[in-house]
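Chemist: Pasting in a structure now, in structure tokens, and then I'll have a few things to ask.
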Amino acid sequence: MWWNQVFEKAGFRDAFQIRDLPDGANPLDARYNVLHWVHRRERGPSVGPNYRDPRTGEIVRAIVRMDSYRSLVNHDIWMGFRPALGQGADATSEQMAMARRRQHSAHEIGHTLGLAHNFIAAASDRASVMDYPVALATLDDTGRVSLANAYAPGPGAYDEIAIRYAYTWFPDAEAERAGLAAIIAEAEDAGLRFITGGHAGPRGSIPDATTWVEGNGMFAALERTRAVRSVLIDAFDERALAAGEPHSVLNRRFAHVYLHHRSALYGVIKHLGGLEFAYTLKDDTLEPTRRVPPVEQRRALQAIIETLAPAELRIPDRVTALIAPAPSGWDSGWQWDGDPAPLASDSGDAFNPVYVAHAFAQETLDAVLHAERANRITHFHATDPEQPSLDEVLTALVEATWVRSSRGLAGGDAAVLRGTQRALLDALLDLGGNENASAQTRAVVERQLRALQTSLRPARRALGSSADAAHRALAHRHIERYLAGEDDPADRPRPAPIPLPWP
Ligand SMILES: [Zn+2]
């Protein structure tokens with residue numbers, strides 16, 4: 001009934017109602033708009049399609065399908081939090097799952113009312129149910145994790161203005177033109193933004209237009225999620241299981257903990273080569289485009305580098321020791337109750353924390369060095385020297401990884417650092433050979449690879465452990481092969497990307 005609140009604010013009394021289907025009515029009967037609750041164990045999205053009269057565009061029927069799988073995901077998130085929440089958790093698993101279901105039902109119904117996604121709303125005071133929300137976790141003054149405000153308790157300011165725009169009745173075309181223009185002006189004055197579809201993906205350029213984030217501004221979002229994640233990892237143990245559950249389930253529950261900052265990190269990455277824009281029309285007061293200021297881009301670069309430190313990527317031995325393979329029947333067939341094991345291993349039955357750290361570092365660096373982003377950085381700097389150059393970005397990344405000494409690092413951390421170094425090398429080799437990377441971008445990458453190769457010469461290699469020396473020798477050979485035009489990406493083994501355990 002959230003939409004009834006929205007319609008009332010927009011001036012329509014009791015325009016939106018929900019009732020049980022009348023006795024004897026068939027849910028396929030086109031006279032009824034229906035909301036189906038579908039229960040299944042497999043991953044499945046909820047959807048809100050509608051049917052329109054092609055002559056007028058009028059929505060004539062809506063069929064929402066809400067899938068129960070999302071609540072299993074919510075339960076996994078909550079269980080991953082449980083060790084940190086302790087006895088006095090301020091929200092139960094069911095409360096959190098139902099808070100999400102309310103938001104989610106409103107979201108899918110919003111589609112049937114004609115609304116598109118607004119992927120910048122969460123970062124603007126939870127302005128719309130049409131965003132993809134993540135569970136907001138905060139730390140209180142004593143450092144305890146709170147989920148009391150995990151999901152918005154109602155619709156937002158954008159929803160009301162969108163409904164007014166779509167549904168307000170005007171007596172004639174002229175009044176409609178003026179009336180709609182006034183609503184848009186009001187939205188702009190209120191600072192309500194709208195970004196949808198493909199502009200919010202990982203390669204996007206608007207930091208706040210990122211899915212699965214919470215909080216106004218991505219720097220604050222990353223800071224908060226990193227702090228919460230640290231508490232979650234420190235506390236993580238068997239309490240993340242219910243009685244009778246196998247230890248294999250910890251794989252996906254820990255995945256939510258380990259990746260708690262992932263979406264906010266994507267938002268921060270978008271500052272680099274970032275371009276804010278709005279869907280403006282001629283004579284609009286908003287700026288059509290604006291480059292992200294250089295100071296924010298450099299701040300983002302430092303924040304990204306912080307997330308790549310071994311201490312951030314490491315998984316405690318205590319956690320590794322708990323994650324066992326699934327008992328027979330638990331990873332497939334009728335007992336499968338969700339994503340089996342999002343954190344893959346290259347070591348068969350042994351969970352490999354170094355592999356997981358490498359996979360996440362690879363994902364981060366692949367996103368930073370996406371060809372379109374690298375090209376934007378290159379051409380922004382070419383036309384405005386205040387903007388960071390691609391060379392500056394790459395130099396900082398090489399310094400934070402390859403130039404950093406592994407001496408003094410405990411064994412596991414040294415291996416994690418090697419994984420991050422390797423991830424940067426592979427991201428550079430890929431970018432240098434990417435047909436979508438501009439000639440300028442590829443030239444800068446090649447220069448960096450030559451400098452890195454020089455630093456990996458045999459005489460310098462001898463400094464670290466034998467594992468370090470071998471790792472550097474292989475990197476040297478792969479750069480050599482690249483420079484000889486013989487790079488073979490398939491021959492550079494990479495960790496598998498960690499799939500999305502849905503937030
Ligand atoms: Zn949607």
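Chemist: Could you sort 195-204, 47-56 so that the peptide with the highest average Cβ count within 10 Å comes first and the rest follow in order?
Modeler: Numbers: 195-204: 16.0, 47-56: 11.9.
Per-residue mean Cβ counts within 10 Å order the peptides as 195-204, 47-56.
Chemist: If a/c stays under 1.5 just call it rounded; otherwise compare a/b with b/c (prolate if a/b is bigger, oblate if not). Do that for the chain, with a ≥ b ≥ c from the square roots of the Cα gyration tensor eigenvalues. Each step should come with its number before you reach the end.
Modeler: Working: a/c = 2.21, a/b = 1.40, b/c = 1.58.
It is oblate, given that a/c is not under 1.5 and a/b is not larger than b/c.
Chemist: With every protein chain present, what accessible area does Lys9 have (1.4 Å probe, heavy atoms only), rounded to the nearest 10 Å²?
Modeler: 150 Å²
Chemist: What angle do you read, to the nearest 10 degrees and between 0 and 90, between the alpha-carbon axis of helix 466-483 and the longest principal axis of the chain?
Modeler: Roughly 70 degrees between the two axes.
Chemist: With a 1.4 Å probe and every protein chain left in place, work out the accessible area per residue of the chain in Å², rounded to a whole number.
Modeler: Numbers: 23860 Å² over 503 residues.
Accessible area per residue, the chain: 47 Å².
Chemist: Hey, rough spin-label estimate for Arg299 and Phe12, points 7 angstrom out along Cα→Cβ, what's it come to in nanometres?
Modeler: 4.1 nm
Chemist: Put +1 on the Cβ of every Lys and Arg and -1 on every Asp and Glu Cβ in the range 409-493; which of His476, Gly432, Ala490 then has its Cα farthest towards the positive end of the dipole?
Modeler: Selected residue: His476.
Chemist: Leaving ligands and nucleic acids out of the surface, order Phe277, Phe7 by accessible area at 1.4 Å, largest first.
Modeler: These residues rank, largest area first, as Phe277, Phe7.
Chemist: Would you check the accessible area of Ile184, probe 1.4 Å, heavy atoms only, in square angstrom rounded to 10?
Modeler: Probe radius 1.4 Å; accessible area of Ile184 about 80 Å².
Chemist: Additional query: Output the 0 to 90 degree angle, nearest 10, between the alpha-carbon long axis of helix 173-189 and the longest principal axis computed from the alpha carbons of the chain.
Modeler: Helix 173-189 sits at roughly 40 degrees to that axis.
Chemist: How many percent of Cα pairs in the range 12-158 exceed 22 Å? Walk me through the numbers before you get to the answer.
Modeler: Details: 5365 of 10731 pairs.
So the portion of pairs separated by more than 22 Å is 50 percent.
Chemist: Quick one: with all protein chains in place, what share of the accessible area of the range 1-119 is carbon or sulfur, to the nearest percent (1.4 Å probe)? The partial results should precede the final answer.
Modeler: Numbers: 3390 of 6690 Å².
Result for the range 1-119: 51 percent of the exposed heavy-atom area is carbon or sulfur.
Chemist: Rank these residues by their accessible area, most exposed first, probe 1.4 Å: Trp330, Trp169, Trp78. Before the final figure, lay out each step's value.
Modeler: Working: Trp330 75, Trp169 195, Trp78 30 Å².
Of Trp330, Trp169, Trp78, the descending order of accessible area is Trp169, Trp330, Trp78.
Chemist: Another question about this same structure. Give me the accessible area of Phe360, 1.4 Å probe, in Å² rounded to the nearest 10.
Modeler: About 0 Å², rounded to the nearest 10.
Chemist: Compute the relative contact order of the range 1-97 as a whole-number percentage, counting only Cα pairs closer than 8 Å that sit 6 or more residues apart in sequence. Could you put the intermediate results ahead of the total?
Modeler: On the way: 102 pairs, mean separation 19.4, N = 97.
Once normalised by length, the contact order is 20 percent.
Chemist: Further question: Please report how far the C-alpha centroid of the range 26-95 lies from that of the range 206-258, rounded to the nearest whole angstrom.
Modeler: Here the answer is 22 Å between Cα centres.
Chemist: Considering only C-alpha atoms, what is the centroid distance from the range 300-328 to the range 412-485, in Å?
Modeler: 23 Å
Chemist: So what are the three principal axis dimensions of the range 101-251 from its Cα atoms, in whole Å, longest to shortest?
Modeler: Principal-axis extents of the Cα atoms in the range 101-251, largest first: 66, 33, 32 Å.
Chemist: How would Asp284, Asp67 rank on accessible area, largest to smallest, probe 1.4 Å? Show your work: numbers first, answer last.
Modeler: Working: Asp284 60, Asp67 0 Å².
Most to least solvent-accessible, the answer reads Asp284, Asp67.
Chemist: What translational D, rounded to a whole number of µm²/s, comes out for the range 248-297 from Stokes-Einstein when the hydrodynamic radius is the Kirkwood one over Cα pairs, at 10 °C and 1.306 mPa s? Don't jump to the answer; show the numbers that get you there.
Modeler: Details: Rh = 13.8 Å.
Using the Kirkwood radius from Cα pairs, D works out to 115 µm²/s.
Chemist: Where the eigenvalues come from the Cα gyration tensor of the range 204-348, what are the semi-axes √(5λ) of the equivalent ellipsoid, largest first, in whole Å? Working shown, then result.
Modeler: On the way: eigenvalues 297, 66, 30 Å².
Ellipsoid semi-axes (Å, largest first): 39, 18, 12.
Chemist: Is the range 381-503 best put as rounded, prolate or oblate by its Cα gyration tensor, with a ≥ b ≥ c the root eigenvalues, rounded for a/c under 1.5, and otherwise prolate when a/b is larger than b/c, oblate when not?
Modeler: Numbers: a/c = 1.44, a/b = 1.30, b/c = 1.11.
Rounded, since a/c falls under 1.5.
The values are calculated or read from the model by the stated rules, or taken from the named source; none is laboratory data. The model shown is predicted, which means the values in this text are computed figures rather than measured ones. Counting neighbours? That spans all protein chains shown, and the Cβs are built from the backbone with ideal geometry, glycine included. Each accessible area value is taken on the protein alone, full model and side chains, heavy atoms only, with ligands, DNA and RNA left out. Shrake-Rupley method; radii C 1.70, N 1.55, O 1.52, S 1.80 Å.
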